[in-house]
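Visitor: Here it is: the structure, laid out below.
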Amino acid sequence: MPAIPKKDAAQVLREAPEPWRSYLIKARAAERIADPLRRCLAFPDLPGNHWPEGHAAAHCAYHALQRVPTMSLDTLEGYLQRKDIKGLRAKMDGYLDRHFAKEGQGEDIHMMFGAFDESDRSDRLSQRWLMSAPDDPYANLARADYLLEKAWKVRGKEYVAKTPEGNMENMHSLVDRAMPLFDKASKLEPRLMPAYIGMMSAAMLIGRSDLIEAAFASAQKQDPACLLLVRQRLQILLPRWGGSYARSAAYMAELAPHLKEHPGLATYFSVPYLDQASYFEGDDFYKAPAAALVDHAVDVGSYDDALQQAGDIALNRVDAPSDEWRSLALLLQEARFRYGNAWADRMIAWDLVQSEPEWALHYLARAQKLEPANAQLQYLLGAAYHNTHRFALAQQHYEAAIKDPKQRHRSLRELSTMWLFDAGLDGKTGAIKAKPFVDRLLAEYPKDGRGWIYHFDCLGRLGQSIPMEELKQFLAVADRSDPRQIKTIAGIESALEKAGQASK
């Protein structure tokens, strides 16, 4: 992949309006930094936001930690096979101490237990750990986390009325088994924040607000500014889980004194506003009321989902003009923090592929890992390689895009112009390379005036005459508002007029 070249700021995206151009110049400079954390820290914040001081840096650090793996299940299995329970306990204690450290604070303890899911392997390892160390708080937590994940899986995402009764009974049984383990873990190690968060999640699943509040009260005594606790609490306070937006607002006000020391907490202040916006469905999501809620969500915090949704709305408003520059800025801000959304990466590349193709390729590489067969991706890869003069690769991706009717027309056009005009070939060689695509373009889109122009160009380069009937066909379908076609129209009409006068 070509590096993003160094470029004078005066030459970067000159067509972009302010404040977006200044933002994009700084973003481009940050994108040239290879180290993920340094890149994130060098990125500009969104213009006009009201984030707490240090908020974006805290968000950068959080994602940087996620990219550095904590203990994997493979490593855990190694400890258990060696029967090194003492070493395993020391490792867990180190993670927990780091959570409460004044310097070098980290969320490793949360990341570690996030590795337990509903899989058979998590079942087997958590059971083995608990059997090896029944009074170890971390072993109890691991087993409880597995049971809770299994309960959520059994519950599914349907409304209760649409969930089979057997699933609901199984869910309750799993929660009943998990709760005592969470409780034991928290009593054995009162600082173990994931245990309280697990209890809150389990109680939320079965609708026990009394257990939620008890677990939250205990957690508050240990670390009221725990990032993952705040996330869980704001989720529980949503109306869909029995809370209210007023209670959410009151809780965020309670957290305000902690923001100076823990500015990353504001990341989740976006959640209540996003939730309100989620009730707008279909086109209503792309109108002013929902847009205002999502815009407020990104104004108070840099929550990744909020940035993406705001970018989507800015691009696809149905009651106002599309704002592509603002959308690009929002989606780049999301990409500043996290990887992983192919649609957003393609939209970023769409805006950059003509003037900044090397930059676009960085996002297309990300999208390709997630949705390699996507036809729009294939078109954009073709365009990016075309604009970076890697013509064979461009043809490969354009030809993949042609298989999709939505990408076919533009891909055939660009393949035609690439070989005729952009690849630096001599006239005849360029015509030979372009002709299959020009012929197909004209066959499938006979009213495309530019297709006729490329056809005439091929004939001329190959020493063939242009039939009079084809000239008339072109004039009948030509787009007289297209500057490229206007020039050709004038030339042909002038030639036909002279030919007519000469024949008189």
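The values are calculated or read from the model by the stated rules, or taken from the named source; none is laboratory data. Since the structure is predicted, the reported quantities are computational estimates derived from the model, not experimental observations. Please note: Cβ atoms are built from the backbone with ideal geometry, for glycine as well, and neighbour counts cover all protein chains shown.
Visitor: Could you please find all residues in segment 304-322 being within 14 Å of the chain's Cα centre (by Cα) and surrounded by 24 or more Cβ atoms within 10 Å (Cβ to Cβ)?
Guide: Residues of segment 304-322 that are within 14 Å of the chain's Cα centre (by Cα), as a first pass: 304-312.
Ala306, Leu307, Gln309, Ala310, Gly311, listed by residue number.
A quick yes/no check of all residues on (1) surrounded by fewer than 16 Cβ atoms within 10 Å (Cβ to Cβ); (2) under 16 Å from Asp223 (Cα atoms); (3) touching a Lys or Arg at 6+ places or on another chain (Cβ under 7 Å); (4) not assigned by TED's automatic domain parsing to the domain that holds Asp145:
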residue	(1), (2), (3), (4)
Met168	yes, no, no, no
Ala178	no, no, no, no
Leu181	no, no, yes, no
Met193	no, yes, no, no
Ile197	no, yes, no, no
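Visitor: Something else about it: Limited to segment 136-155, what total is found for residues that are over 30 Å from Leu96 (Cα atoms) and modelled with pLDDT of 95 or more?
Guide: Of the residues in that region, 0 qualify.
Visitor: Quick one: which residue in Tyr251, Tyr245 is of a type in the set (Phe, Trp, Tyr), touching a helix residue (DSSP H, G or I) at 6+ places or on another chain (Cβ under 7 Å) and either surrounded by fewer than 17 Cβ atoms within 10 Å (Cβ to Cβ) or assigned by TED's automatic domain parsing to the domain that holds Met199 (or both)?
Guide: Exactly one of Tyr251, Tyr245 is of a type in the set (Phe, Trp, Tyr), touching a helix residue (DSSP H, G or I) at 6+ places or on another chain (Cβ under 7 Å) and either surrounded by fewer than 17 Cβ atoms within 10 Å (Cβ to Cβ) or assigned by TED's automatic domain parsing to the domain that holds Met199 (or both), namely Tyr245.
Visitor: Further question: Examine segment 404-413 for a residue that is crowded, with 19+ Cβ neighbours inside 10 Å, modelled with pLDDT of 95 or more, in contact with a helix residue (DSSP H, G or I) (Cβ under 6 Å, 6 or more places away or on another chain) and under 26 Å from Ala3 (Cβ atoms), and state whether such a residue exists.
Guide: No, there is no match, as no residue in segment 404-413 is crowded, with 19+ Cβ neighbours inside 10 Å, modelled with pLDDT of 95 or more, in contact with a helix residue (DSSP H, G or I) (Cβ under 6 Å, 6 or more places away or on another chain) and under 26 Å from Ala3 (Cβ atoms).
Visitor: Among the numbered conditions (1) modelled with pLDDT of 95 or more; (2) on the phi < 0 side of the Ramachandran plot, tell me where Lys83 comes up short.
Guide: The number of the failed condition is (2).
Visitor: Another question, if that's okay. Collect the residues in segment 13-25 that are over 16 Å from Leu332 (Cα atoms) and touching a residue at least 40 places away in the same chain (Cβ under 8 Å), keeping them in residue-number order.
Guide: Glu15, Pro17
Visitor: While we're here: For the structure I just gave you, tell me whether Glu53 is exposed (fewer than 15 other Cβ atoms within 10 Å of the Cβ) and in a loop (DSSP other than H, G, I, E, B).
Guide: It is true that Glu53 is exposed (fewer than 15 other Cβ atoms within 10 Å of the Cβ) and in a loop (DSSP other than H, G, I, E, B).
Visitor: Still on this structure, I have one more. Sort through Ile109, Ile33 and tell me the only one that's modelled with pLDDT of 95 or more and β-branched (Val, Ile, Thr).
Guide: On the way: Ile109 fails: modelled with pLDDT of 95 or more.
None of the others qualify; the one that does is Ile33.
Visitor: Something else: Taking helices (runs of 4 or more DSSP H) that do not extend beyond segment 58-159, which have at least 3 residues that are without any contact (Cβ under 8 Å) to a residue 40 or more places away in the chain?
Guide: Here the list reads 73-82, 85-99, 120-132, 137-155.
Visitor: Could you give every pair whose Cβ atoms fall below 6 Å, whose first residue belongs to segment 477-503 and is within 14 Å of Ile453 (Cβ to Cβ), and whose second residue is assigned to a loop (DSSP other than H, G, I, E, B) and at pLDDT 90 or above, counting only separations of at least 6 or pairs across chains?
Guide: Taking only residues 6 or more apart or on different chains, the pairs are Val477/Lys447; Gln485/Ala478; Gln485/Asp479; Ile489/Ala478.
Visitor: Next up: Using the structure shown, decide if Arg484 is in contact with a helix residue (DSSP H, G or I) (Cβ under 7 Å, 6 or more places away or on another chain), assigned by TED's automatic domain parsing to the domain that holds Ser416 and farther than 28 Å from Lys433 by Cα. Even if it seems obvious, please write down each step before you answer.
Guide: Details: in contact with a helix residue (DSSP H, G or I) (Cβ under 7 Å, 6 or more places away or on another chain): yes; assigned by TED's automatic domain parsing to the domain that holds Ser416: yes; farther than 28 Å from Lys433 by Cα: no.
It is false that Arg484 is in contact with a helix residue (DSSP H, G or I) (Cβ under 7 Å, 6 or more places away or on another chain), assigned by TED's automatic domain parsing to the domain that holds Ser416 and farther than 28 Å from Lys433 by Cα.
Visitor: Which of (1) within 39 Å of the chain's Cα centre (by Cα); (2) on the phi > 0 side of the Ramachandran plot is the odd one out, the single condition Tyr445 does not satisfy?
Guide: The number of the failed condition is (2).
Visitor: Quick one: how many residues across segment 156-188 are modelled with pLDDT under 85 and either in contact with a His (Cβ under 8 Å, 6 or more places away or on another chain) or of a type in the set (Lys, Arg) (or both)? Even if it seems obvious, please write down each step before you answer.
Guide: Taking segment 156-188 first, the residues modelled with pLDDT under 85 are 156-165.
Add one more test, that the residue is either in contact with a His (Cβ under 8 Å, 6 or more places away or on another chain) or of a type in the set (Lys, Arg) (or both), and what stays is 157, 162.
Number satisfying all stated conditions: 2.
Visitor: Of these, Leu237, Leu228, which one is buried (at least 17 other Cβ atoms within 10 Å of the Cβ), within 21 Å of Phe116 (Cβ to Cβ) and not assigned by TED's automatic domain parsing to the domain that holds Asp145? It would help to see each step written out before you state the result.
Guide: On the way: Leu237 fails: within 21 Å of Phe116 (Cβ to Cβ).
Just a single option satisfies the conditions, and that option is Leu228.
Visitor: Can I ask one more? Looking at Asp275, Asp295, Asp283, which one is more than 19 Å from the chain's Cα centre (by Cα) and surrounded by fewer than 22 Cβ atoms within 10 Å (Cβ to Cβ)?
Guide: Answer to the selection: Asp283.
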